[in-house]
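Down below is the structure, laid out as structure tokens.
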Amino acid sequence: MPSQAASHPSNSLHVLYEAHEGKVSDKWASYIYLYDAAFNKLRDRPIRLLEIGIQNGGSLEIWARYFPNAVKIVGCDINERCRLLTYDDPRIAVVVGDANDDKIFEEIKSISPEYDIIIDDGSHLSSDIVRSFGFYFPLVTTGGVYVAEDLHCSYWESFEGGIEAPYSSIGFFKRLTDQVNRENWGAPLPASAALSFFADHWKAQFDDASLGLIEEVAFRNSTVIVSKGKPEDSLLGSRIVVGKTAIVDAAPQDFAGHSAAAPDQTQNSFGPMSERSEALLMTLPKRVVALEEALAEMEKALAEKNAELVHMQEQAAHAAACQAKLKADLVETRQYPQKALADKLGFHVLRGLVATPLPVPARMRERFARSAAKRDPKRSA
Ligand SMILES: C[S@@+](CC[C@H](N)C(=O)[O-])C[C@H]1O[C@@H](n2cnc3c(N)ncnc32)[C@H](O)[C@@H]1O
């Protein structure tokens, strides 16, 4: 619980909440103290306030009391039953419909083209939160604030979140802090470039001009407050170097009055021109699967080549055996005396004649057989 809990003046938001008896409002205690601190500077101004998600409508009654000089207090809720909500205070208006519908956005804008305070207490789905920021942050006035409530939901899967979910609403607002430091990116990119993953993933649209005016992104448990300032409010400014003695390092004195100039980061592989890390994380599982598939293909091709190699080795072994046999035959042939060779040849020729399918008389076959038997190399051996 914020420290403000201990002391609250008689007209604080906390006191108004405690005393409230009208329509029901449902907020966490820490928000009440946080809003008191954050909205106090606007309290007596003719502000315009928009709350996305009003349910029973009680918060609008309380805001009307908290901001006595408010000009417009607008609530938007998708629940059709919110049409039953009526208020005596003419400053309060209720728009029924999806806050992220173009027509509803136009209706809200027609009530007031600008708002000093916008509170998103709608569905708490990451998609809705990111898209609503894209729709409504451009309507925030200079000096105004945009609040997103109940960001604890962004850690939960059922609200399109998770502590490591690249697309969660808390991830979006963490990424939004880069806008505060846009001067230091080191590349001439439009403000929305850092949010390109969220624009693609949630089909959200971001306005470069208003992103360029983000002065502060402040987190508390479950809330973020994004403040809009003048362009010069988020600049680093010039370097102020004062004093006369610099016995450790005189270098700072050379930079007195210098303006900030970020070194070029266009070649930095983790710089502003590189792929957004959220997109990288999202595509990582797919990339791993693609690599595994490519590896499996390569292993299959390698196995096929190995089988071919084994076959070729077998053929080579067979060829070597044939070659050895031929060599042996050659050696044997060379060693034969001519008669033995003639006998061997004769034996083969006569055996062929004995077995010939030609119509040879039986007696002649017998003679061939006898002559072959005489020349049979096995017999002589
Ligand atoms: C937590 S309740 C709001 C409580 C209220 N702000 C209060 O202080 O008592 C959330 C409300 O958001 C509304 N809601 C959900 N999605 C919405 C959307 N896309 N546009 C507008 N309202 C939405 C729901 O109907 C619901 O009434």
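Taking the C-alpha atoms only, the angle from helix 169-180 to the longest principal axis of the chain is near 70 degrees. Spin-label model, residue 152 to residue 30: label points 7 Å out along the Cα-to-beta-carbon direction sit 0.8 nm apart.
Report, for the stretch 3-233, the % of DSSP beta bridges that are antiparallel, rounded to 5. Rounded to the nearest five, the antiparallel share is 35 percent. In this Cβ point-charge picture (+1 for Lys and Arg, -1 for Asp and Glu), the stretch 1-142 has a dipole of about 340 debye about its Cα centre.
Counting other Cβ atoms within 10 Å, keep those with at most 15, restrict to DSSP loop, and tell me which trypsin sites (Lys or Arg not before Pro) in the stretch 117-189 are left. If you can, show how the numbers build up before the last one.
Values: sites: 131, 174, 175, 182; in loops: none.
When the trypsin sites (Lys or Arg not before Pro) of the stretch 117-189 are filtered for loop state and at most 15 Cβ neighbours within 10 Å, nothing remains.
Can you figure out the FRET efficiency of residue 83 with residue 207, using R₀ = 41 Å and their beta-carbon distance, to the nearest 0.05? Rounded to the nearest 0.05, the efficiency is 0.85.
Surface composition of the chain: carbon and sulfur atoms hold 57% of the protein heavy-atom accessible area at a 1.4 Å probe.
Placing +1 on the Cβ of every Lys and Arg and -1 on the Cβ of every Asp and Glu, with no other charges, gives the stretch 147-271 a dipole of roughly 280 debye about its Cα centre.
What length, rounded to one decimal in nm, is gained on full extension from residue 216 through to residue 37, with 0.36 nm per residue of separation minus their alpha-carbon distance?
Working: separation 179, 0.36 × 179 = 64.44 nm, distance 1.51 nm.
Full extension from residue 216 to residue 37 adds 62.9 nm.
Taking each of 103/174; 109/203; 27/230; 23/228; 72/103 in turn, the alpha-carbon distance tops 25 angstrom for 103/174; 27/230; 23/228. Most tightly packed first, judged by the mean number of other beta-carbon atoms within 10 Å of their residues, the peptides 15-26, 272-283 read 272-283, 15-26.
Among the chymotrypsin sites (Phe, Trp or Tyr not before Pro) within the stretch 65-156, those in coil by DSSP and having at most 16 neighbouring Cβ atoms inside 10 Å are 156.
Let me have the relative contact order for the chain, percent, based on Cα pairs under 8 Å that are six or more residues apart. Don't jump to the answer; show the numbers that get you there.
On the way: 511 pairs, mean separation 35.4, N = 381.
Here the relative contact order equals 9 percent.
Got the relative contact order for the stretch 12-151 handy, in percent, Cα pairs under 8 Å and 6 or more residues apart? If you can, show how the numbers build up before the last one.
Working: 235 pairs, mean separation 30.0, N = 140.
In percent, rounded to a whole number, it is 21.
P(r) tail, the chain: Cα-Cα pairs separated by more than 36 Å, 52% of all pairs. Kindly identify the stretch 41-98 as rounded, prolate or oblate by the Cα gyration tensor criterion: order the square roots of the eigenvalues as a ≥ b ≥ c, call it rounded if a/c is under 1.5, otherwise compare a/b with b/c, prolate if a/b is larger, else oblate. Judged from the Cα gyration tensor, the stretch 41-98 comes out prolate (a/c at least 1.5, a/b above b/c). If you take all other residues with their beta carbon under 15 Å from the beta carbon of residue 368, and give Lys and Arg +1 and Asp and Glu -1, the sum is +4. The magnitude of the dipole of the chain, with charges of +1 and -1 set on the Cβ of Lys/Arg and Asp/Glu and taken from the Cα centre, is near 4360 debye.
Around residue 277, under 15 Å between beta carbons, what's the net of Lys plus Arg minus Asp minus Glu among the other residues?
After counting each charged neighbour, the total is -1.
For the chain, the longest principal axis of the C-alpha atoms and the axis of helix 277-335 are separated by about 10°.
The values are calculated or read from the model by the stated rules, or taken from the named source; none is laboratory data. None of these values were measured; they are calculated from a predicted model. Ideal geometry is used to build each Cβ from the backbone, glycine not excepted, and the neighbour counts take in all protein chains shown. Each accessible area value is taken on the protein alone, full model and side chains, heavy atoms only, with ligands, DNA and RNA left out. Shrake-Rupley method; radii C 1.70, N 1.55, O 1.52, S 1.80 Å.
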